[in-house]
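What follows is a short report on a single structure.
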Amino acid sequence: MTQLWKNQAFSISHADGGTFVGTGLRPFFEYRDLGISAATSGAYGAHVIRAVPGMKSPAAWHSHDLDFQMVYVMRGWVVFEYEGSGEHVLRSGSCVLQPPGIRHREVRHSDDLELIEIISPAAFETRDEVAP
């Protein structure tokens, strides 16, 4: 039985033991689960996302039904466009907090893009949106 502390289990994830899978929100990205969803019973989620070299984003506007979404770029660069804020180039070391429900789109990215995304809850709905 897993011991819980305030509804969370101890969890640790190492890069050398993790695997990336192509099943996720976007087909042009691969995802490595960091074990946070399982440790928090779905209250939070975290994963490393990396670009699939040669695959491009369709730059489709969308929004997410969640309470928290933070992105931290570890390698490469990505251009996001946000409702009311325009386009932003995020590069290694950049961090963005995407407010709940904000319309946004991933415009383009480098083939070596790698980022961490932290979300709450771990499972959420994504809606296609019209451009703001």
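The values are calculated or read from the model by the stated rules, or taken from the named source; none is laboratory data. Since this is a predicted model, take the numbers as computed values, not measurements. So basically every Cβ, Gly included, is an ideal-geometry build from the backbone, and we count neighbours across all protein chains shown.
How many residues are of a type in the set (Phe, Trp, Tyr) and at pLDDT below 95 if we restrict to the stretch 54-79?
Here is the first cut: in the stretch 54-79, the ones of a type in the set (Phe, Trp, Tyr) are 61, 68, 72, 77.
Narrowing further to those that are at pLDDT below 95: none.
Selection size over the stretch 54-79: 0.
Being more than 15 Å from the chain's Cα centre (by Cα) and part of a helix (DSSP H, G or I) is the filter here, so list the residues in the stretch 36-79 that pass it.
Within the stretch 36-79, 38, 39 meet the criteria.
Hey, any hits in the stretch 31-46 for a residue that's surrounded by 14 or more Cβ atoms within 10 Å (Cβ to Cβ), closer than 30 Å to residue 131 by Cβ and modelled with pLDDT of 95 or more?
Yes - at least one qualifying residue is present in the stretch 31-46.
Results for (1) at pLDDT below 95; (2) more than 13 Å from the chain's Cα centre (by Cα); (3) within 14 Å of residue 29 (Cα to Cα); (4) in a loop (DSSP other than H, G, I, E, B), shown as yes or no for each residue.
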{"residue": "81", "(1), (2), (3), (4)": "no, yes, no, no"}
{"residue": "89", "(1), (2), (3), (4)": "no, yes, no, no"}
{"residue": "115", "(1), (2), (3), (4)": "no, no, yes, no"}
{"residue": "131", "(1), (2), (3), (4)": "yes, yes, no, yes"}
